[in-house]
Structure formats: structure tokens, C-alpha cells
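S.K.: Structure incoming, see below.
Taken together, the values in this text are just the output of simple stated rules run on the coordinates, not laboratory data. The structure presented is a predicted model; accordingly, all values stated were derived computationally and were not measured. So basically every Cβ, Gly included, is an ideal-geometry build from the backbone, and we count neighbours across all protein chains shown.
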Amino acid sequence: MRSRGPLLLWVILTAVVLALAGASVLAERPAEAAWQPSKPVEFVIQTSPGGGSDVYARFWIGIIDKYKLSPVPVVPVNMPGGAGAVALAHLHSKKGDPHFISPTLNSVITTPLLQKIPVMYLSEDLTPIVKMMMDPFLLVVNPEQFKSVEQFLAACRQQSLTAAGTGSKQEDEIQIFAMQNAFKCQPFRYVPHKGGGDVAKAVAGKHADFNVNQPSEMLPHYPQRLIPILSFQKERPKEFPEATTHWEKGINSQWAALLDLETGLHQMRGVIGAPDMPKDAVTWYEDMFRKVWETPEWQEFMKKGAMQPVFMRSEEYRKFLVRFENNHVKVMRDVIGWKLRDDLRPR
């Protein structure tokens, strides 16, 4: 019995040490153990295939698949319509379900300010997850029609040019309205299309004179049928050095300030989720998309597209959206004079 006593004590002590070690390991990995998707994640895309949101969402999904960042498939689902209203209403209907997410663009800000849909303010009525970058606006034309911004300005001051856009009273029409006033052009004719891909095709095919678009939507036709002749930021994008800036041209009126990437209504790209998404699910998505953001593929994509690399987690992104929403209300209602929804909640 005496010889077994020390052995029994050693066994007991070893069991205690192992149990404590196991508890320590579990404590170090709460995010992994807390939540992960249990069914395919639906990535609801507001635009038709080829649009900016479609391009980004599918690119992110490709990275997620390549690096096996999700235990379940992330499935792209295109729901164009109503300048994003259809997709936003669908996302809102999935309250509390963390298996429904959506890419963001400026129309998810402008559409709820104009239409009576269940979403009014993105920052309050849905779940901000991450901001992935800022996407610059470029003035894009067909090189067979215009080869420089000087040619464009001369033409727009003599005649009414046709602009292709992604939806009436959306982000690009705001930019186009500001251009019209800053450049002292004749009133533009604005023709809405289903998405950024269709917009690019309209200008490439000479069905419209110009558009205000993002690099990703222009690139399939660049440089043979589409070129950027003006960039709305203070410095020329390194990837498109031919795109002069309105600052270089001395177009710095009060309207021009609305055009600028740093101060104006630039295009922001991120990810949102259904309302009331559980906090641990938000954390899981934050971590997954941070890994996506850090991959060489995404870094190269942002560089090639002349984008500004920015990453924000949920709470920081929510605070950004509050400022961004308030800025849109001011510009759309108080500067341009558009009538917003009559039940708009004060901020």
C-alpha cells in the first residue's frame, strides 16, 4: 500500500494539470469555439452579374474558397432591383440569422433614404461587419469619342451629353449632378441601367457618352473601348496616370468638393449582415474577412484597381456609416434639393 500511495498521488496531480492545461487552451480560442456557420452562407448581391458589388463579392468568395476560410460554402445570390431595395429588404427579413450577408456600396445608403423600405439607416437597421476599402470614382469615356478631359468639357458646355448610371438618384447620379455644376456643363441626360457592368457596356458600345464608374467595372474594356480621363482625388492614381484630377484642372468650386475622394461621397466597399446578428457571429466574420483582406490576391486587386486600402471592424465601420449617412442626407436633401422619404428619422 505504501508503494502505491505516491503513484496514486502522481496520477491525481497529473490529471489536474492536464485538465487545467485543456481549460487554458480552450480559453485562448473563444472565437473559434463560440460560433461558426452551420449552413451555407448566402452572399446577397444588389447588382446584376458584372456590377461592382458582384465583382467584389465573387472575388472575396474565391479567396475564401482558395484558403478554406469557411467551413461551409459562401454562395453568391444576385438580387438586382430597385437600386438595391430588393436585396436590402431580403436581408432585413432574415433578422437574427447570421447566415445572410451582403456587400456594401453607396446605394445601400442612398436607396433607404429615398424609398420606404424596412431599412432606413444601414448603421441601425442592419449589422455592419467590416469595411474593406474605398473605391474611387473615375470619369470614364470611349476613346473614340473623347481622348481628354478638355475635349469632354468643350463638348459638355456646348451640348447635353448622355450619362449611363446604375439607378436614378443613386451615388453616380449625385456625382454626375455635382460634375454638371462644377464643370458648368449643359444638363446631362441620365439613363439608368441594372448595374455597373451594364453601365460600362453602354459607354463601350457608344450608347452613352460617359459614366462615373469604379476601376473594376471599367477594366474589362480598358483601354480599347473605355479610358478614365478624370480622377476625383487630389493625386493621379498610379495605375491610371492618364486620369488627371479636377484639382489639377483648377475645378475647385463648392461642387467640386463633393467630387473628391477624401472629402466627398466616394464609393465605400464592405460587408453587412442581417439585423441583430449575434456578436460572436460578427466576430467570426470580422476575423474571416480580415484574413481575406491580408491575402496577396486582395492586396494586388486593390493596387491594380487604384483603390484605397482600408479595413474597419464592425464597431468602427458602424461609426463611419453614421457619418457617411448624415453626409448623404445633407448633400441629397439640403444641397441638391431631392425629396427624401417623409418618415425619415432625425439623427
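S.K.: Could you please report the charge total around residue 99, scoring K, R as +1 and D, E as -1 over all other residues with beta-carbon less than 9 angstrom from its beta-carbon? Numbers along the way, then the final one.
M.R.: Values: positive: 39, 94; negative: 42, 97.
Every neighbour counted, the sum reads 0.
S.K.: Around residue 201, what is the net charge, scoring Lys/Arg as +1 and Asp/Glu as -1 over all other residues with Cβ under 10 Å from its Cβ? Numbers along the way, then the final one.
M.R.: Numbers: positive: 225; negative: 198, 217.
Taking every other residue near residue 201 into account, the sum is -1.
S.K.: Once you place label points 7 Å from the Cα toward the Cβ at residue 116 and residue 344, how far apart are they in nm?
M.R.: In this crude spin-label approximation the distance works out to 1.6 nm.
S.K.: Residue 257 label point, 7 Å along Cα→Cβ, cut-off 15 Å on backbone N: hits in the range 324-341?
M.R.: Those under the cut-off are 327-328, 330-332, 334-336.
S.K.: Using only Cα atoms, locate the centre of the range 97-114 and the centre of the range 241-311, then give the distance between them in Å, rounded to an integer.
M.R.: So the separation of the two Cα centres works out to 15 Å.
S.K.: Continuing with this model, one more query. Can you list the DSSP H helices in the chain whose Cα atoms extend at least 20 Å along the helix axis and whose mean Kyte-Doolittle hydropathy is 0.5 or higher? Walk me through the numbers on the way to the answer.
M.R.: On the way: long enough: 4-28 (36 Å, 1.76); 52-66 (21 Å, 0.21); 279-294 (23 Å, -0.95); 314-329 (22 Å, -1.12).
Flagged H segments are 4-28.
S.K.: Kindly give Rg over Rh for the range 289-347, based on alpha-carbon atoms, with the Kirkwood expression for the hydrodynamic radius. Please report the intermediate quantities before stating the final value.
M.R.: Working: Rg = 16.6 Å, Rh = 14.2 Å.
Ratio of gyration radius to Kirkwood radius: 1.16.
S.K.: Once Rh for the chain is found with the Kirkwood sum over Cα pairs, what is the Stokes-Einstein diffusion coefficient at 25 °C and 0.890 mPa s, in µm²/s?
M.R.: Details: Rh = 21.7 Å.
Answer, rounded: 113 µm²/s.
S.K.: A further question follows. Want the number for residue 219 to residue 295: 0.36 nm per residue separation, take away the alpha-carbon distance, what's left?
M.R.: Extending this stretch completely gives an extra 25.2 nm.
S.K.: Pop the C-beta distance of residue 248 and residue 280 into the FRET formula with R0 = 56 Å and round what comes out to the nearest 0.05.
M.R.: Numbers: r = 49 Å, r/R0 = 0.87.
Approximately 0.70, to the nearest 0.05.
S.K.: For the range 138-259, just the Cα set please: Rg and Dmax, both in angstrom.
M.R.: 12.9, 34
S.K.: Using 0.36 nm times the number of residues separating residue 326 and residue 59, minus their current alpha carbon distance, what extension gain do you get? Display every interim value, and only then the final one.
M.R.: Numbers: separation 267, 0.36 × 267 = 96.12 nm, distance 3.01 nm.
Between residue 326 and residue 59, full extension yields an extra 93.1 nm.
S.K.: Rounded to the nearest 20 Debye, what is the dipole magnitude of the chain about its Cα centre when Lys and Arg each give +1 and Asp and Glu each give -1 at the C-beta?
M.R.: Values: 40 positive and 36 negative charges, 59 e Å.
Rounded to the nearest 20 debye, it is 280 debye.
S.K.: Along the charge dipole of the range 138-259, Cβ charges K/R +1 and D/E -1, which of 214, 186, 138 sits furthest on the positive end?
M.R.: Positive-most Cα among the choices belongs to 186.
S.K.: Could the peptides 155-164, 172-181 be put in order, highest first, of the mean number of other beta-carbon atoms found within 10 Å of their residues? Each step should come with its number before you reach the end.
M.R.: Values: 155-164: 17.8, 172-181: 22.5.
Ranking, from highest mean packing down: 172-181, 155-164.
S.K.: Work out how much length residue 68 to residue 184 would gain on full extension: take 0.36 nm times their residue separation and subtract the Cα-Cα distance, in nm to one decimal.
M.R.: Working: separation 116, 0.36 × 116 = 41.76 nm, distance 5.17 nm.
Contour length minus Cα-Cα distance gives 36.6 nm.
S.K.: Let me ask another. Beyond a 20 Å Cα-Cα separation, which of these cross-linked pairs lie in this structure: 66/238; 234/339; 39/116; 39/68; 194/330; 95/116? Write out the running numbers ahead of the final one.
M.R.: Working: 66/238 29 Å; 234/339 31 Å; 39/116 31 Å; 39/68 15 Å; 194/330 26 Å; 95/116 18 Å.
Among 66/238; 234/339; 39/116; 39/68; 194/330; 95/116, the Cα-Cα distance tops 20 Å for 66/238; 234/339; 39/116; 194/330.
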